[in-house]
Amino acid sequence: MSKERRKALRILFFMPSFLFAFMLFLSPTVALTQTQPVGGEQQGMKVFFYRGDELVAVERDIPGGGQMVEFTILELLKGPTEEEKAMGLTTEIPEGVKMYYTSRSNDGKEFGVNLSRELLVLKGNPKRAERALTQLERTIKEASGAEKVEITIASEAAGSPPEDAYTALEIGSVKKGGSSPLALVIALLAVLAAVLVITYFIYLPRRRKAVAARTSAASRIRGRRQGKGGRR
């Protein structure tokens with residue numbers, strides 16, 4: 001086996017590990033929570049409900065600390081209180097929707113939340129579904145300071161990736177703002193790996209054959225010339 005081919009095989013062997021490590025480096029940190037602790041210092045955070053077609057901010061007392069955004073989301077999922085309902089506040093988020101986990105990018109500009117499949121009750125009602133996701137986005141942006149919010153729904157099959165909420169609820173993904181930086185990096189690395197494979201297994205062998213053919217032809221020509229010179 002040639003030196004170049006051994007080098008290519010080593011690169012291909014370590015490429016999956018490199019990709020996995022790079023994804024871990026870029027991937028958001030995950031925080032799991034479902035219950036709100038009792039006691040501790042409280043801080044006022046805003047959740048958003050509807051009064052007619054208008055989003056209205058309502059303040060909730062949230063425990064301070066590193067999971068304030070998660071606790072704020074839990075308060076939103078509870079819906080308006082009886083007193084707030086009497087004031088005309090409503091929610092489009094179905095009863096029983098649970099939060100499974102949240103994620104945040106390393107720079108804090110992106111925040112993700114994964115919700116239970118009870119949210120799929122909204123499928124077939126795009127207006128209500130979009131209003132519900134707007135509640136979630138507005139509340140999360142207000143609480144986290146993130147510029148972009150990604151909402152996903154837990155997959156039905158264990159071990160399968162979550163579904164994008166806009167896609168699952170069939171209301172498009174206009175608000176998502178294009179591909180995430182992580183997806184672009186993964187695509188770029190995949191293209192780089194393909195280029196390496198083509199270079200080391202197709203281009204270089206053909207180039208070596210062409211060089212060898214030219215060298216052989218040049219040697220034959222030199223041999224013929226030397227033979228003619230000797231006969232003279």
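Please count how many residues of the range 102-136 are without any contact (Cβ under 8 Å) to a residue 12 or more places away in the chain and either assigned to a helix (DSSP H, G or I) or of a type in the set (A, V, I, L, M) (or both).
1
Quick one: count up the residues across the range 119-140 that are crowded, with 18+ Cβ neighbours inside 10 Å and in contact with a Phe, Trp or Tyr (Cβ under 6 Å, 6 or more places away or on another chain).
Residues meeting the conditions: 3.
Could you identify the single residue in 151, 171 that is farther than 21 Å from residue 74 by Cα and either assigned to a helix (DSSP H, G or I) or in contact with a helix residue (DSSP H, G or I) (Cβ under 6 Å, 6 or more places away or on another chain) (or both)? Outline the logic, then answer.
Details: 151 fails: farther than 21 Å from residue 74 by Cα.
Going through 151, 171 in turn, the sole match is 171.
Can we say residue 140 is among the hydrophobic types (A, V, I, L, M, F, W, C), in a helix (DSSP H, G or I) and either free of Cβ contacts under 8 Å to residues at least 40 places away in the same chain or in contact with a strand residue (DSSP E or B) (Cβ under 8 Å, 6 or more places away or on another chain) (or both)?
Considered against the rule, which asks whether it is among the hydrophobic types (A, V, I, L, M, F, W, C), in a helix (DSSP H, G or I) and either free of Cβ contacts under 8 Å to residues at least 40 places away in the same chain or in contact with a strand residue (DSSP E or B) (Cβ under 8 Å, 6 or more places away or on another chain) (or both), residue 140 comes out as yes.
So, in the range 148-165, of the ones that are more than 16 Å from residue 119 (Cβ to Cβ) and within 15 Å of the chain's Cα centre (by Cα), which residue ends up modelled with the lowest pLDDT?
Within the range 148-165, the match that is modelled with the lowest pLDDT is 160.
Please find, within the range 38-86, the residue that is surrounded by the fewest Cβ atoms within 10 Å (Cβ to Cβ) out of those that are farther than 22 Å from residue 146 by Cβ and aliphatic (A, V, I, L, M).
38
The values are calculated or read from the model by the stated rules, or taken from the named source; none is laboratory data. Predicted, not measured: the structure shown is a model, and the values here were computed from it. Positions of Cβ are backbone-derived with ideal geometry, glycine not excepted, and every protein chain shown enters the neighbour counts.
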